[in-house]
Amino acid sequence: MMTCAGAPLLVIGENSLGWTYAGNVLIISGFGLLWQGVRVFYNQKPLWVIQGLLVSLVAVALILFGSRQAANNLIIATGQLFTVSFTVWTLLTNGQRHAGTWVASGAFGVLVLGQSAEAITNILQLLNFLDAETYYQYAAWFLVAAIIGTSIANLGFLLMAVDQLKSELQVLAMRDELTSLPNLRALNERLPLIEKRAKRLQRPVTVLMMDLDKFKTINDNYGHFAGDHALKHLAQILQQSITHQGVHETGFLARIGGDEFCILIPDADLKTATNVAENLARTVADTPFNWKHNRLTLAASIGLTHWSPSQGTSLSESLSDADSYLLQTKRNSQHQQKPFKITTYQSPPAKLA
C-alpha cells in the first residue's frame with residue numbers, strides 16, 4: 001500500500017520536490033516493511049530501528065541533494081538496493097530453502113540488477129559521463145526490472161506461505177495434540193530409519209511399551225479432564241527422565257494411543273535398557289500430581305523386548321512383542337490392591353536376549 005501510494009505522489013508532484021520526496025520515502029518505507037515482513041515470517045524480530053534509520057537517511061539525503069533528478073534517482077536506487085539486499089539475505093540465511101524461497105530471491109535478484117544499473121547510470125550522469133537523453137533510453141528497462149522482480153517475488157512469497165502451511169500440517173499430523181509428543185504415525189515413520197541404522201551399525205534396539213495402571217479409575221473418579229492432565233503429567237515425566245538418563249538424543253518417545261506410550265532405545269544392551277525401564281517406572285510412582293486439591297499417585301506397567309538385527313525379524317514386529325509383555329505385566333500385578341501402584345517390567349525371553 002505504501003509503494004502504491006508513493007507512485008501517484010511522484011506523478012502528482014512532478015514539478016514539486018516536496019511531493020516527489022514524500023512519494024520516494026513512501027516507496028523506500030514499503031520495501032523496508034517487506035524486509036521486516038520476511039523477518040517476521042521466519043520468526044525473527046523486526047528491526048524497526050535500522051529501518052527507521054535507513055528511511056531517515058534517505059529523507060535527509062533527498063532534502064540535501066535531491067534537487068537534481070539524477071541525484072534523486074541515485075538516492076532512491078541506493079535505498080532500494082539496501083532494503084532488497086537485506087530481504088534477499090534474510091531469505092537465503094533462514095530456514096529451509098524451498099521453491100518459494102528461490103523464486104522470491106531470484107525475483108529480487110532481478111530487482112537488484114535493475115537498481116544497480118539505475119544507480120550506476122545516474123552516477124555517470126552526475127559525473128557528466130552520460131547525458132540525460134542516453135540515460136532515458138535505458139531507464140524504462142530499470143523500471144521494468146523493478147516491476148517484474150517485485151511481481152514475481154510476490155509469487156515466491158505465496159509459495160513460501162504454502163510451504164510453511166504444509167510443514168505445519170505435517171508437524172500437526174505427526175504430533176499428539178494432548179501431550180505434544182510424536183504420535184503413532186510419527187513412530188511408524190521413524191521405525192524404518194532406526195532399523196536401518198541398527199542394521200548398518202549392527203547394534204540392538206530396545207522397545208518399551210508403557211501404560212498407566214487403572215487409568216480408567218482416574219477418569220471415573222475425577223473426570224476425563226483429570227485423565228488428560230494425568231497423561232500430560234506422565235509425558236512430561238517420561239521426557240525429563242529419558243533426558244536425565246541420556247536416552248533423549250538417540251531414543252524416541254511417542255504416545256501411540258490412550259494411555260499407552262512407546263520408547264525406542266537404540267544401542268543399549270539389555271541390562272542398560274532394563275535399568276532405564278526400572279528408573280522410568282520408579283520416577284512415575286515417585287512423582288504424583290495435583291488435581292483440584294487431590295494429590296494423585298500414578299503407576300506404570302512396562303513391557304520390554306530387546307531386538308537385534310541378527311534375529312531375522314523386523315523392528316516393527318518387536319512392538320507387538322513388547323505390547324504382549326506389557327499385558328503380561330499387568331496380569332501379573334492384578335493381585336496388588338493399591339489403586340495406583342508401580343509394577344515391574346516383563347523381561348524378554350532368552351532367545352531375544
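The values are calculated or read from the model by the stated rules, or taken from the named source; none is laboratory data. On a predicted model such as this, the values are computed, not experimentally measured, just so you know. Counting neighbours? That spans all protein chains shown, and the Cβs are built from the backbone with ideal geometry, glycine included. Ligands, DNA and RNA are stripped out before the accessible areas are found, and what is left, the full protein with its side chains, is counted by its heavy atoms. Shrake-Rupley method; radii C 1.70, N 1.55, O 1.52, S 1.80 Å.
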Within region 300-311, is there a residue that is under 19 Å from ALA198 (Cβ atoms), among the hydrophobic types (A, V, I, L, M, F, W, C) and surrounded by fewer than 23 Cβ atoms within 10 Å (Cβ to Cβ)?
-> no
Output for region 201-251, where each listed residue is in a helix (DSSP H, G or I), surrounded by fewer than 17 Cβ atoms within 10 Å (Cβ to Cβ) and of a type in the set (Val, Ile, Thr) = THR217, THR243
Criterion violated by LEU191 - all others in (1) under 19 Å from the mean Cα position of the chain (by Cα); (2) surrounded by 13 or more Cβ atoms within 10 Å (Cβ to Cβ); (3) closer than 30 Å to ILE263 by Cα satisfied = (1)
Any hit, region 105-121, residues being surrounded by fewer than 19 Cβ atoms within 10 Å (Cβ to Cβ) and within 20 Å of the chain's Cα centre (by Cα) = no
ASN128: passes all of (1) open to solvent by less than 20 Å² (accessible area, probe 1.4 Å); (2) not in a helix (DSSP H, G or I) but (1)
Please indicate, with yes or no, whether at least one residue in region 263-279 is of a type outside the set (Lys, Arg), modelled with pLDDT of 90 or more, surrounded by 18 or more Cβ atoms within 10 Å (Cβ to Cβ) and touching a Leu at 6+ places or on another chain (Cβ under 6 Å).
-> yes
Residue count, region 153-177, condition open to solvent by less than 90 Å² (accessible area, probe 1.4 Å) and within 27 Å of ASP259 (Cβ to Cβ), comes to 4
Right, THR150: open to solvent by less than 80 Å² (accessible area, probe 1.4 Å), part of a helix (DSSP H, G or I) and at pLDDT below 90 or not?
-> yes
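Within region 74-104, can you find the residues that are over 21 Å from the mean Cα position of the chain (by Cα) and surrounded by 18 or more Cβ atoms within 10 Å (Cβ to Cβ)?
Let us first name the residues in region 74-104 that are over 21 Å from the mean Cα position of the chain (by Cα), namely 74-86.
Residues satisfying the conditions are LEU74, ILE75, ILE76, ALA77, THR78, GLY79, GLN80, LEU81, PHE82, THR83, VAL84, PHE86.
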Given the conditions (1) farther than 24 Å from ALA226 by Cα; (2) modelled with pLDDT of 85 or more; (3) buried (at least 17 other Cβ atoms within 10 Å of the Cβ), which single one is not true for SER314?
-> (3)
Answer from LEU34, LEU57, LEU53, LEU9 - the residue that is modelled with pLDDT of 90 or more and crowded, with 16+ Cβ neighbours inside 10 Å = LEU34
